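My structure is below; once you've seen it, I'll send some questions.
The values are calculated or read from the model by the stated rules, or taken from the named source; none is laboratory data. Keep in mind that this is a model prediction, so the values were computed, not measured. So basically every Cβ, Gly included, is an ideal-geometry build from the backbone, and we count neighbours across all protein chains shown.
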Amino acid sequence: MTRRPAGSLAVALLAAATVGGSRCGPVPDPAPPPLRLLLPGPPETLDPQRHHEDVTRGLLRSYYEGLVELDAELNLRPRLASDWSNPSETLWRFRLQEGVVFHDGSPFGAEDVARTLERARLPESKVDAVVRAIREVRVVDAATVELVTDRPRPLLLARLAQTPILPRGTPDAEVTVPVGTGPYRWNGRGEGPTSVATGTRFERYWGPRPDFEAFEAHASTDEAAVRRAASGFADVVSPFPRELREALPPGGLKTVSHPTVTVSFLVCRVGPLATGRPSPVGDARVRRAVDLAIDRGALVREALEGEAVPASQLVVPGVFGFEPALRTRLRDVAGARRLLAEAGLPSGLTLPIVVSPRGAAVAAVLSRQLAEAGLRLAVEPLDWTERYRRMRDAEAPLVLATWTTATGDASGLFEPLLHSSGGPEGFGSENTTGWSDPEADRWIREAASETDPAARADLLRAVMRRALRELPLVPLYSPQWTYGVRDGIGFTPRLDFSVAAPDVFRLGRQ
């Protein structure tokens, strides 16, 4: 006789009862589908301190929070700091939210703020601009932290908004699994060739509960992926190209367009090229000829089908430091030819230009416009990595590029791009033009510590006037960002065009 272990009959009966009960009992509701986002590309990293890129910044907002935040219109709002004060020009005191926990269950407190700012000083950090200004971090108690700056720092709060808080135990090595205090917790990269990140709703989140239980983020790696996503797979598509909108059947996705604080411009290599030879746009008269040959209104109409506004400055109206006294830049082909003749180039010249594959239409219109002034563009489409390398290594005379002034302040562009390379506090860290102007450098540095708004505005506007006279960067247009949004879905677009799961909600929610 075969022995049956004690209890096995009970287990068998329980299993039978369970199976039988499943035939008669209610069938549980299936899990709701996740929110699906289609983004312009994959994140550079999952470490919030090791990137300087818009897609990454948006995606990581699903997992992380800072002491303060910039809302959709770039206004400062409290976040992990419930309030703050500025008792002196160099002392900032932050009172922290209570009852907040990280995704790993550890409580949030002042020690986490201190560790985050300490880690931001690592050589690999790309948010070190904020900590360079901080001389001392004082943990007053678990819910209070003080920051002592080296001198008055009017942009400290805006930069803290771009510094998400990490748990105090975060190692120096690059973060590969996000652990923050945000409304979603990391759930892996997901499945499929386009999936780059997933998240599930953090049930212990201290703030408003998001509508969706889970989300998936996908990257638009190619046109086929975008078409598949837009045809029924994704709930929010960013961006939503016009050619795709026209090709899809009506219904399903509605179009949402929103202005941005992004400006597209030509990066001119003012200094010598890597070969040691002078740059063909090293002469300011050639750069001014390029500027005069451009019809920005026609460029927007023909290349961008009206989904942008012409830009005469390096920031858009509404950004602090915009110079309202400057006139709109108008086309003057005859003036461009005169400048080329003065520069000893009466027959014009050929200018190599590097663009993105998506910038081909813009390059085509620019080529036609500049040719009328004797400027012949030799266009080379390259991906971002190679374009940036060409800029950084002084191999490209002209590059079509963009910059998003995510802080809402022109210094966010002036400090890295226009200050001379190798400046103090990392100023000039992204200056790939080789342009150097000691007076403009001084204005930029003074603006960094000037607390009087009128005086700061005067300094930044002086930099703008000088930059538009010398033209190391030639402004072209500010793009509108167009999204595809599924019917029944609400979405809050942002001026910095970043997209995160908390920006999306169900219409008609109670």
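What number of residues within the stretch 451-492 satisfy the criterion of being among the β-branched types (Val, Ile, Thr), surrounded by fewer than 19 Cβ atoms within 10 Å (Cβ to Cβ) and either on the phi > 0 side of the Ramachandran plot or part of a helix (DSSP H, G or I) (or both)?
Number of matching residues: 0.
Looking at the stretch 114-132 only, could you name the residues that are part of a loop (DSSP other than H, G, I, E, B) and free of Cβ contacts under 8 Å to residues at least 60 places away in the same chain?
Arg121, Pro123, listed by residue number.
Residues in the stretch 138-148: is at least one outside any strand (DSSP E or B) and of a type in the set (Ser, Thr, Tyr)?
No: the stretch 138-148 contains no residue that is outside any strand (DSSP E or B) and of a type in the set (Ser, Thr, Tyr).
Right, something else. Residues Trp435, Trp443: which one is aromatic (Phe, Trp, Tyr) and part of a helix (DSSP H, G or I)?
Exactly one residue qualifies, and that residue is Trp443.
In the stretch 197-212, what residues are crowded, with 18+ Cβ neighbours inside 10 Å and either assigned to a loop (DSSP other than H, G, I, E, B) or at pLDDT below 95 (or both)?
Listed by number, the residues that qualify are Phe202, Tyr205, Pro210, Phe212.
If you check Ala396, Ala447, which single one turns out to be at pLDDT 95 or above, assigned by TED's automatic domain parsing to the domain that holds Thr350, within 26 Å of Phe497 (Cβ to Cβ) and touching a strand residue (DSSP E or B) at 6+ places or on another chain (Cβ under 6 Å)?
Ala396 is the lone residue from the list that is at pLDDT 95 or above, assigned by TED's automatic domain parsing to the domain that holds Thr350, within 26 Å of Phe497 (Cβ to Cβ) and touching a strand residue (DSSP E or B) at 6+ places or on another chain (Cβ under 6 Å).
Okay, residues lined up against (1) loosely packed, with under 13 Cβ neighbours inside 10 Å; (2) touching a residue at least 40 places away in the same chain (Cβ under 8 Å); (3) among the aliphatic types (A, V, I, L, M):
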{"residue": "Glu65", "(1), (2), (3)": "no, yes, no"}
{"residue": "Ala72", "(1), (2), (3)": "no, yes, yes"}
{"residue": "Ser85", "(1), (2), (3)": "yes, no, no"}
{"residue": "Pro107", "(1), (2), (3)": "no, no, no"}
{"residue": "Asp112", "(1), (2), (3)": "no, yes, no"}
{"residue": "Ile134", "(1), (2), (3)": "no, no, yes"}
{"residue": "Val139", "(1), (2), (3)": "no, no, yes"}
{"residue": "Pro152", "(1), (2), (3)": "no, yes, no"}
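A further question follows. Looking only at the stretch 493-510, filter to residues that are in a strand (DSSP E or B) and in contact with a strand residue (DSSP E or B) (Cβ under 6 Å, 6 or more places away or on another chain); which one of those is surrounded by the most Cβ atoms within 10 Å (Cβ to Cβ)?
The residue in question is Val504.
Go through the stretch 42-72 and give me each residue that's in contact with a Leu (Cβ under 6 Å, 6 or more places away or on another chain) and closer than 16 Å to Leu495 by Cα.
Of everything in the stretch 42-72, just one residue is in contact with a Leu (Cβ under 6 Å, 6 or more places away or on another chain) and closer than 16 Å to Leu495 by Cα, namely Val55.
Among the residues of the stretch 482-510, which ones are farther than 15 Å from Asp54 by Cα, touching a helix residue (DSSP H, G or I) at 6+ places or on another chain (Cβ under 9 Å) and polar (S, T, N, Q)?
Thr482, Thr492, listed by residue number.
Among the residues of the stretch 154-196, which ones are among the basic types (Lys, Arg), outside any strand (DSSP E or B) and crowded, with 18+ Cβ neighbours inside 10 Å?
Once the filter is applied, which keeps residues that are among the basic types (Lys, Arg), outside any strand (DSSP E or B) and crowded, with 18+ Cβ neighbours inside 10 Å, the stretch 154-196 yields Arg159, Arg168.
For the stretch 184-220, how many residues meet the condition of being over 13 Å from Asp104 (Cα atoms) and touching a strand residue (DSSP E or B) at 6+ places or on another chain (Cβ under 8 Å)?
Going through the stretch 184-220 one residue at a time, the tally reaches 25.
Sticking with this one: For the structure I just gave you, tell me whether Arg50 is assigned to a strand (DSSP E or B) and either within 15 Å of Ala158 (Cβ to Cβ) or within 26 Å of the chain's Cα centre (by Cα) (or both).
no
Of the residues Ser220, Ser264, Ser279, Ser231, which is crowded, with 19+ Cβ neighbours inside 10 Å and either of a type in the set (Lys, Arg) or at pLDDT below 95 (or both)?
Just one listed residue meets the conditions, Ser220.
In the stretch 306-340, what residues are more than 29 Å from Gly412 (Cα to Cα) and either outside the structural domain of Gly374 (by TED's automatic domain parsing) or surrounded by fewer than 15 Cβ atoms within 10 Å (Cβ to Cβ) (or both)?
Passing the criteria: only Ala334.
Does any residue in the stretch 168-194 that is among the aliphatic types (A, V, I, L, M) come within less than 8 Å, Cβ to Cβ, of a residue that is exposed (fewer than 14 other Cβ atoms within 10 Å of the Cβ) six or more places away or on a different chain, and which pairs are these?
Listed by first residue and then by second, the contacts come to Val179/Asp104.
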